[in-house]
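Here is the structure we will look at, set down as structure tokens.
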Amino acid sequence: MTTSQNQTPPGAGVDLRKGGLSKEQRQNMREGNLAPKVFWPAAAIMVLFVGLTIAFPQRAKSIFDALQADVINYFGWYYVAIVAFFVVFALYLGFSRMGDIKLGDDDDEPAYSFTTWFAFLFAAGMGIGLVFYGATEPLMHYVDPRPGVEGGSREQIAQAAMSQSFLHWGLHPWAIYVIVGLAIAYSAHRLKQPLSIRYSLKPLLGDRVTGNWGNLIDIVALVGTLFGVATSLGLGVMQIAAGLGYLNIPAEGNLWLIGIILVLMGITLFSVVTGLEKGMKWLSNGNLILAAIVCIFVLLVGPTLFIFREFIGSLGHYLQNIVAMTFETLALYGVDGEQFQAAWTTFYWGWWISWSPFVGMFIARVSKGRSVREFVTGVLLVPALTSFFWFSVLGGTALHQELFSGETLRNADGSVSAEHALFEMFSNLPGGVVLTVGAVLLITVFFVTSADSGALVLGMLSTNGSPEPKTWIRVFWVCVAAVTSISLIIVGGSEALSAIQTIAILTALPFSVVIIMMCISLYKALSVEHRLFVRAQRRNAREELMDSVTDRVDEHLDSHFDAALDKAVEAKVEEAVEEAVEKAVDEVNVQISANTAAIDQIRTSTGAIPVVTPKTQEKPWDK
């Protein structure tokens, strides 16, 4: 549908101009030069945060706790409401008439085949979080149920635990990624803008995205993404340490956690500095294969039939209760409800929002040539189904051991350790040591590839969308992400997970406003495109109708003209023939009259009638 023009449609109020970058901007993007008005404010914020948290950890922790309580009290409902809206809005974009619009020129074909594209989406859906929470979350929801389901049977509580995990890892996080990714993809591929957060708002803000408004948007996105990366890295290093403990390698305490972060950051820096990105891509793809191997191995050596049955049953239970779970704020359960929301749902929504620039830019890059409908359907369904199956395998196996096998995965006090539950489950399966080694390797590679990819995205945001930011910029952000993770571990101490969850909730708040602006920008741009498309369709239909009517009228007139012409010619011929006949008859009559007069004259003068003797033809034999 050819609708986007180089000028804003009259009266639309939406900037759909393509390109428009100055020569200097294009040169800076090609060279990966720094955007100082974005980089330095963001760097100052992060240095200030890290410095204060490391210098005053106790004071910082008390501030975090107070802020978390205030955010949950005042904005917990807000997170629930906007994420619910994001799901509805994403579905509306995908299945309305606007879904036909291409992410690229009208004649562009998809840059990747469906199989390759789905593989990219699967890769985006996998990460440290799934490994950390795959077995842990359903088990923790079973041991410490959500307020309102404690009174059920243990089977009912287990089913509610799986459904709650599906809620946190299913359609809702991917609806957030759909909106961010779709806004970036539309701007980059349709409007030919740089791959950056600020330019995704160009239909709404116009040229202001190149000024202070754009700088502010990129600063918010950069800081939010950095804390999202730090959250994932913090979770990963905690589980790596726990896995090493199960391999008889003592790795307890903050010093071990900090040491692991520094070692893995050293590997990441080596990759960035030496340009081994291609090798990192192979490593990342190999890690996806390793994740599939771990999942299939657990499926085969674990309760296979139970897992398949639980997968189908949990999927149905999730779909049956998705509306009620989506809007649940636990307001009637007082402090218990607030604590559950803070530890789970609000934390997840904040984590996904702060992580969305990273995932959104990734899926936008690989989605050129797709329609809006293809994008929404693929990004919502493929990763969500992957997550559902992963939780059914790992979480289902953990619940089966807890319910039916007589094995307990709890601590001595009856609680569940978030970072240890996965390895406790592996220890009860055949080949538990091999699974533990595989899981530690899996988390380690996810850690390194996430830090490497995160540094690339942070570098792109620091350079106004340059696909190849300078190496020192990426190195800087790798170091900042590492130090941020260390600061969160120092502040949290034995409750490092709580500190990580708190910072994810807090930093997502400003970027949620940016996502809302993306929704407005997308709706305005796609609505204008759709109206222009409908207008073009009507114009084309009118032209086709006029051409058809003209052809039929011409055909009708031609046939009538030919008939009239034939009739007129025939009439003229008949008239000419009649005139010729009458003239000939008149001439004959005149000749007869003349002959008669001559005969009468001869009679008068001679008194005899002349006899005309016919001349006979002479025969040959008469000669």
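The values are calculated or read from the model by the stated rules, or taken from the named source; none is laboratory data. Since this is a predicted model, take the numbers as computed values, not measurements. Every residue, glycine among them, receives a Cβ derived from its backbone with ideal geometry; neighbour counts consider all protein chains shown.
Observations on the structure shown:
- Taking the listed residues GLY454, GLY465, GLY438, the one that is touching a residue at least 60 places away in the same chain (Cβ under 8 Å), among the small types (Gly, Ala, Ser), in a loop (DSSP other than H, G, I, E, B) and touching a helix residue (DSSP H, G or I) at 6+ places or on another chain (Cβ under 8 Å) is GLY465, with no other qualifying.
- So THR116, is it at pLDDT below 85, among the polar types (S, T, N, Q) and under 30 Å from LEU283 (Cβ atoms): yes
- When LEU399, LEU429 are checked against the criterion of being on the phi < 0 side of the Ramachandran plot, assigned to a helix (DSSP H, G or I) and assigned by TED's automatic domain parsing to the domain that holds PRO357, LEU399 stands alone in meeting it.
- Hey, ARG190 touching a strand residue (DSSP E or B) at 6+ places or on another chain (Cβ under 9 Å) and either crowded, with 24+ Cβ neighbours inside 10 Å or among the small types (Gly, Ala, Ser) (or both) or not: yes
- Leading residue by the ranking (nearest to PHE120 (Cα to Cα)) among those in the stretch 264-288 that are more than 28 Å from the chain's Cα centre (by Cα), modelled with pLDDT of 75 or more and among the small types (Gly, Ala, Ser): SER271
- Within this structure, SER485 passes the test of being in the same structural domain as ILE128 (by TED's automatic domain parsing), touching a helix residue (DSSP H, G or I) at 6+ places or on another chain (Cβ under 7 Å), crowded, with 24+ Cβ neighbours inside 10 Å and among the small types (Gly, Ala, Ser).
- Residue in the stretch 336-350 that is in a loop (DSSP other than H, G, I, E, B), among the charged types (D, E, K, R), surrounded by fewer than 24 Cβ atoms within 10 Å (Cβ to Cβ) and touching a residue at least 12 places away in the same chain (Cβ under 8 Å) present: no
- Filtering the stretch 511-534 for residues that are at pLDDT below 80, surrounded by 12 or more Cβ atoms within 10 Å (Cβ to Cβ), within 27 Å of the chain's Cα centre (by Cα) and among the hydrophobic types (A, V, I, L, M, F, W, C) leaves a non-empty set.
- Filtered residues of the stretch 152-174 (kept if over 17 Å from GLY228 (Cβ atoms) and of a type in the set (A, V, I, L, M, F, W, C)): ILE157, ALA158, ALA160, ALA161, MET162, PHE166, LEU167, LEU171
- Qualifying residue in the stretch 48-57 (condition: modelled with pLDDT under 85 and over 25 Å from the mean Cα position of the chain (by Cα)): no
- Looking only at the stretch 433-476, and only at residues there that are of a type in the set (D, E, K, R) and in contact with a Ser or Thr (Cβ under 8 Å, 6 or more places away or on another chain), the one that is farthest from ARG30 (Cα to Cα): ASP452
- The sole residue among ILE296, ILE267 that is assigned by TED's automatic domain parsing to the domain that holds LYS470 and closer than 22 Å to LEU233 by Cβ is ILE267.
- Positions within the stretch 302-315 being over 14 Å from TRP390 (Cα atoms) and either under 25 Å from the mean Cα position of the chain (by Cα) or at pLDDT below 95 (or both), in sequence order: none
- Scanning the stretch 196-245 for residues that are among the charged types (D, E, K, R) and either under 20 Å from PHE476 (Cα atoms) or within 23 Å of the chain's Cα centre (by Cα) (or both) yields ARG198, LYS202, ASP218.
- Which listed residue is surrounded by fewer than 24 Cβ atoms within 10 Å (Cβ to Cβ), under 27 Å from PHE423 (Cα atoms) and in the same structural domain as GLY170 (by TED's automatic domain parsing), from SER392, SER371, SER405: SER405
- Residue match in the stretch 145-156 (condition: in contact with a helix residue (DSSP H, G or I) (Cβ under 8 Å, 6 or more places away or on another chain) and crowded, with 24+ Cβ neighbours inside 10 Å): no
- Count of residues meeting criterion [over 19 Å from LYS37 (Cβ atoms) and small (Gly, Ala, Ser)] in the stretch 461-485: 3
Conditions tested, residue by residue: (1) among the hydroxyl-bearing types (Ser, Thr, Tyr); (2) surrounded by 15 or more Cβ atoms within 10 Å (Cβ to Cβ); (3) in contact with a strand residue (DSSP E or B) (Cβ under 9 Å, 6 or more places away or on another chain).
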position: GLN58; (1), (2), (3): no, no, no
position: LYS61; (1), (2), (3): no, yes, no
position: PHE75; (1), (2), (3): no, yes, no
position: ALA90; (1), (2), (3): no, yes, no
position: SER113; (1), (2), (3): yes, no, no
position: TRP117; (1), (2), (3): no, yes, no
position: MET126; (1), (2), (3): no, yes, no
position: PRO138; (1), (2), (3): no, yes, no
position: HIS141; (1), (2), (3): no, yes, no
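- The residues on offer are THR377, THR449, THR408, and the sole one that is among the β-branched types (Val, Ile, Thr), more than 17 Å from ILE307 (Cβ to Cβ) and more than 34 Å from the chain's Cα centre (by Cα) is THR408.
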